Amino acid sequence: MLIGLGQSIFEGSLFGRILGFTTRLINPGKLINKVKAGESIFESSPLDERTRNILNKSKIPVGVLIDKNFSKTDKVFLPIFEENDGFLIDYAQKLINNSDSQIVILDANSKIKNSPALKERIRTIEQKAPNNISVLSEKIIDKEFFNRQDLMIISIDSWKNLIDSKSTWLPIIPSALIIKES
């Protein structure tokens, strides 16, 4: 599912109600097969040329949803691999504000720990919703952890890195929203 993360709301969509997304369909079967095979989903062809062009030329944030029976956003996992992934914290805040989600942020490479700006953004959220956000620094995340999550939100660059490294996470992640910032 290709999702434009603009201002308009797609009625009836869970993401529309939570974050204000518009949606368009792509072929999820091809997308899932590419993910399982460990191929790069944005370089090769589970996405048709039109969808790749939208991703490449979009001036607004765009997301791709990998749906693995997605139904709620109670527990959301948000890995931060690079400081550039910090924009994802805005989505965490929206999920907390709009649906009282529990957010677990993974500070995989100590990017949050070493960034006063990112630490401050998380601290601000913690002050308003102290029981809704937590930061992990463990590098090893197991299947049991992923089984407790409803959704993973990840940047397109970090997703490409997971695919390229043939991460052991890929077969066990929950539904994933891959976001390309404008």
For this session: All but one of (1) out of contact with any Ser or Thr (no Cβ under 6 Å at 6 or more places or on another chain); (2) at pLDDT 95 or above; (3) polar (S, T, N, Q) hold for residue 101, so report the exception by its number.
Result: (1)
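Could you count how many residues in segment 161-181 are in contact with a strand residue (DSSP E or B) (Cβ under 9 Å, 6 or more places away or on another chain) and closer than 22 Å to residue 61 by Cβ? Step through it out loud before you land on a result.
Here is the first cut: in segment 161-181, the residues in contact with a strand residue (DSSP E or B) (Cβ under 9 Å, 6 or more places away or on another chain) are 162, 169, 173-181.
Filter once more, so that each one left must be closer than 22 Å to residue 61 by Cβ: 162, 173-181.
Summing the residues that are in contact with a strand residue (DSSP E or B) (Cβ under 9 Å, 6 or more places away or on another chain) and closer than 22 Å to residue 61 by Cβ in segment 161-181 gives 10.
Go through segment 149-173 and give me each residue that's touching a Lys or Arg at 6+ places or on another chain (Cβ under 6 Å) and either in contact (Cβ under 8 Å) with a residue 60 or more places away in the chain or of a type in the set (Phe, Trp, Tyr) (or both).
Within segment 149-173, the first condition is being touching a Lys or Arg at 6+ places or on another chain (Cβ under 6 Å), and the residues that meet it are 149-150, 156, 172.
Scanning segment 149-173 gives 149, 150, 156.
Okay, residues lined up against (1) modelled with pLDDT of 80 or more; (2) charged (D, E, K, R):
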position	(1), (2)
45	no, no
48	no, yes
51	no, no
60	yes, no
65	yes, no
74	yes, yes
79	yes, no
Problem set entry | Residue tally, condition in contact with a Pro (Cβ under 8 Å, 6 or more places away or on another chain) and either assigned to a loop (DSSP other than H, G, I, E, B) or not hydrophobic (A, V, I, L, M, F, W, C) (or both), over segment 53-69 | 2
Problem set entry | Every pair of residues 6+ apart whose Cβ atoms lie under 6 Å, when the first sits in segment 94-105 and is in contact (Cβ under 8 Å) with a residue 24 or more places away in the chain and under 16 Å from residue 124 (Cα atoms) while the second is assigned to a strand (DSSP E or B) and of a type in the set (D, E, K, R) | 102/75
Seminar exercise, completed: The residue that is surrounded by the most Cβ atoms within 10 Å (Cβ to Cβ), considering only those in segment 62-99 that are of a type in the set (Gly, Ala, Ser) and in contact with a strand residue (DSSP E or B) (Cβ under 8 Å, 6 or more places away or on another chain), is 63
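The values are calculated or read from the model by the stated rules, or taken from the named source; none is laboratory data. Worth saying up front: this structure is predicted, and the values here are computed from it rather than measured. Because the Cβ atoms are built from the backbone with ideal geometry, glycine has one as well, and the counts that use them run over all protein chains shown.
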